[in-house]
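Student: What follows is a structure written as structure tokens; I'll ask about it next.
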Amino acid sequence: MGAMRYLLDTHTLLFAQADPARLSRRSKRIIEDRSTRLLVSAASAWEVATKHRLGRLPTAASLIARWSDQLKEMDAHELEITSAHALLAGSFAVDHRDPFDRLLAAQAVIENVTLLTDDPALRAFPVTTAW
């Protein structure tokens with residue numbers, strides 16, 4: 001059996017980069033365990049850049065400027081968005097309007113990975129979560 005794989009929710013990535021004290025002990029152990037395969041969605045890059053532009057993440061400029069380097073330092077791998085991800089995200093019969101969450105949930109389902117999140121709204125989707 002291969003290493004456990006986790007898709008980081010955007011807030012989990014932000015906590016790991018800027019405020020690790022906000023991570024749960026379990027999440028911190030998962031992120032620091034080099035045998036774990038960490039995935040970061042391209043949707044998170046889109047979400048961070050969008051929220052920074054709108055003034056909702058004013059401190060994200062350095063993360064945006066050093067995105068690839070930050071992922072390398074975490075030993076995280078970028079998960080690209082495919083049409084299969086997008087089609088499933090748009091098709092979920094779940095009353096959840098956040099397009100970023102919908103896409104992360106679809107990626108977790110299709111890639112068969114655990115979503116590392118403390119967002120209870122994501123439990124409405126057919127995903128496995130950990131925190």
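All of the numbers you see were taken from the coordinates with simple rules; none came from a lab. The model shown is predicted, which means the values in this text are computed figures rather than measured ones. With ideal geometry, Cβ positions are generated from the backbone for all residues, glycine too; neighbour counts draw on all protein chains shown.
Student: Compute log10 of I(q)/I(0) for the chain with the Debye formula, placing one identical point scatterer on every Cα and leaving out solvent, at q = 0.11 Å⁻¹, to two decimals.
Tutor: -0.35
Student: Could you line up ASP75, ASP118 from fewest to most neighbouring Cβ atoms inside 10 Å?
Tutor: Numbers: ASP75 13, ASP118 16.
Ordered by Cβ neighbours within 10 Å, fewest first: ASP75, ASP118.
Student: Would you order VAL113, VAL94, VAL40 from fewest to most other beta-carbon atoms within 10 Å of each residue's own beta-carbon? Mind showing how you got there, number by number?
Tutor: Working: VAL113 19, VAL94 14, VAL40 23.
Fewest to most other Cβ atoms nearby, the residues stand as VAL94, VAL113, VAL40.
Student: Hey, another quick one. THR129's amide H: which non-local residues (gap 5+, or another chain) put their own amide H closer than 5 Å, with H modeled 1.01 Å from N in plane and none for Pro or chain starts?
Tutor: HN-HN under 5 Å from THR129: LEU115.
Student: Can you give me the Cα centroid spacing of region 58-104 and region 21-35 in angstrom?
Tutor: When both Cα centres are located, 19 Å separates them.
Student: Skipping prolines and chain starts, which residues have an amide H placed within reach, meaning under 5 Å, of the one on LEU57, given they are 5 or more residues away or on another chain?
Tutor: Amide H neighbours of LEU57: HIS52.
Student: Order these by the 10 Å Cβ neighbour count, fewest first: LEU104, LEU71.
Tutor: Numbers: LEU104 28, LEU71 20.
Going from least to most buried by this count: LEU71, LEU104.
Student: Per the helix-only calculation at 222 nm, which mean residue ellipticity applies to the chain, given -39500 (n - 2.57) for every DSSP H run of n ≥ 4 and division by its residues, nearest 500 deg cm²/dmol? Let's see the in-between values first.
Tutor: Details: 7 runs with 64 residues, N = 131.
About -14000 deg cm²/dmol.
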